[in-house]
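Asks: Okay, handing you the structure first.
The values are calculated or read from the model by the stated rules, or taken from the named source; none is laboratory data. Quantities reported herein were computed from a predicted structural model and do not represent experimental measurements. Reconstructed Cβ throughout: ideal geometry from the backbone, glycine too, with neighbour counts over all protein chains shown. Surface accessibility is based on the protein's heavy atoms, side chains included, excluding ligands, DNA and RNA. Shrake-Rupley method; radii C 1.70, N 1.55, O 1.52, S 1.80 Å.
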Amino acid sequence: MSRPYVLGRDEGEAIWFLGNLVTVKVAGEHTSGRLSLSEFVNPPGFAPPLHRHLDADEISYVISGTARYMCGGETFTAGPGDVVLLPVGLPHTFTVGPDEPMRSLVITTPAGFERFVADVGVPAVERRLPDPGPIDVAALAEAHARHAIELLGPPGATP
């Protein structure tokens, strides 16, 4: 059984993941696998590959910045205070607005996405966005398969 805890703003496992800073606040090990919660900081213009989660719902609460989301044939813009639900099985992606980074809290249920982030990313040596660098597409595809995420297209592709 897990114990209650409090993490401060700059606490939690920090990971550089695909050009983003991710801080895991609640891992599946703390919730018997029921959910995870991570803080994401995405750089302006960031867009993940078009993909779908085969076993998890993803919920984002936008703290700052904006993004255009595409999911299940719908397109919408989210900004500070908005909640975005990306249901299990639906293809989705998003593009962060060009003017500022987007900061959001991301919940996945059940947990597991935080393990994908750790598998693909590297421990952050500082709590800041990482410097741009190459992405090993083959390794990324293998990690998606190991974590029940299906790659469907390039970053920003329309579902």
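Asks: Of everything in the stretch 106-140, what is surrounded by 16 or more Cβ atoms within 10 Å (Cβ to Cβ) and either more than 16 Å from the chain's Cα centre (by Cα) or in a strand (DSSP E or B) (or both)? Give them in sequence order.
Replies: Val106, Ile107, Thr108, Thr109
Asks: In the stretch 69-80, is there at least one residue being of a type in the set (Ser, Thr, Tyr), touching a residue at least 40 places away in the same chain (Cβ under 8 Å) and part of a strand (DSSP E or B)?
Replies: Looking for residues that are of a type in the set (Ser, Thr, Tyr), touching a residue at least 40 places away in the same chain (Cβ under 8 Å) and part of a strand (DSSP E or B), one finds none in the stretch 69-80, hence no.
Asks: Hey, could you check the stretch 141-153 for residues that are of a type outside the set (A, V, I, L, M) and within 16 Å of the chain's Cα centre (by Cα) and say which is most open to solvent (accessible area, probe 1.4 Å)?
Replies: Glu150
Asks: Condition first: in contact with a Lys or Arg (Cβ under 7 Å, 6 or more places away or on another chain) and of a type in the set (Asp, Glu). Can you find one or more residues in the stretch 27-43 that meet it?
Replies: yes
Asks: Looking at Leu85, Leu37, Leu50, can you tell me which residue is exposed (fewer than 13 other Cβ atoms within 10 Å of the Cβ), under 22 Å from Ile149 (Cα atoms) and within 15 Å of the chain's Cα centre (by Cα)?
Replies: Leu85
Asks: Restricting the first residue to the stretch 125-142 and requiring it to be farther than 29 Å from Asp10 by Cα and in contact (Cβ under 8 Å) with a residue 12 or more places away in the chain, which pairs with a second residue that is among the acidic types (Asp, Glu) and open to solvent by 60 Å² or more (accessible area, probe 1.4 Å) meet a Cβ separation below 8 Å and a spacing of at least six or different chains?
Replies: none
Asks: Among the residues of the stretch 15-36, what is the count of those that are touching a Gly at 6+ places or on another chain (Cβ under 9 Å) and on the phi > 0 side of the Ramachandran plot?
Replies: Result for the stretch 15-36: 3.
Asks: Same structure, new question: Anything in the stretch 93-105 that is buried (at least 18 other Cβ atoms within 10 Å of the Cβ) and not in a loop (DSSP other than H, G, I, E, B)? List them, or say none.
Replies: Thr93, Phe94, Thr95, Val96, Met102, Ser104
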